[in-house]
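**Q** One structure, as structure tokens, below. Some questions next.
What follows is calculated from the coordinates using simple rules that are stated; it is not laboratory data. These numbers were taken from a predicted model, which means no experiment stands behind them. Neighbour counts run over all protein chains shown; Cβ positions are idealised from the backbone, glycine included.
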């Protein structure tokens with residue numbers, strides 16, 4: 001979990017919450033908030049173990065949502081074993097909070113970028129989370 005700026009997503013600071021998915025976890029990605037998909041892009045990179053800092057530079061697919069709270073981004077990152085990202089929400093589609101929109105095939109990481117001035121984390125490093133169940137942040 002960290003606060004950062006990322007020009008790819010616009011001005012302002014983001015709260016990034018990263019969730020590591022082991023090979024034993026379910027790798028379905030769900031929308032963290034209701035919103036419209038306004039952009040989707042893939043960045044090439046490596047295949048470092050997803051729990052390592054080097055995974056920041058792994059292959060990643062970014063889904064950008066326009067929400068009532070501002071821009072929210074979900075990054076699906078490959079890992080050492082994971083080599084395939086599936087994203088099923090085309091640009092223009094509306095996603096409900098918790099709706100499935102993609103998956104990563106085996107051992108990977110999902111990063112959620114929230115507007116830092118709008119969100120407060122509800123999880124801490126090393127917490128175990130369950131997709132569609134665990135609240136990772138709350139709107140201020």
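**Q** From zero outward in steps of 10 Å, how is the percent of C-alpha pairs of region 2-128 spread across the bins?
**A** 13, 47, 36, 3
**Q** For the chain, set up a Gaussian network in which alpha carbons nearer than 10 Å are linked by springs, and say which option among 88, 30, 16 fluctuates the most.
**A** 88
**Q** Something else now. Only Cα pairs within less than 10 Å get springs; with that Gaussian network setup on the chain, which residue of 20, 101, 41 has the largest fluctuation?
**A** So, out of 20, 101, 41, the one fluctuating most is 41.
**Q** Continuing with the same structure: Please report 86, 133, 59 as a ranked list, fewest other C-beta atoms within 10 angstrom at the top and most at the bottom.
**A** Ranking 86, 133, 59 by Cβ neighbours within 10 Å, fewest first, gives 133, 86, 59.
**Q** Another question about this same structure. Give me the percent relative contact order of the chain, please, defined on Cα pairs under 8 angstrom at least 6 residues apart.
**A** 30
**Q** Pick from 110, 78, 67 the residue whose mean-square fluctuation is largest in a GNM of the chain, springs joining Cα atoms under 10 Å.
**A** Among 110, 78, 67, the largest mean-square fluctuation in the Gaussian network model of the chain belongs to 67.
**Q** Moving to a separate point now. Compute the distance from the alpha-carbon center of region 83-130 to that of region 23-55, in whole Å.
**A** 7
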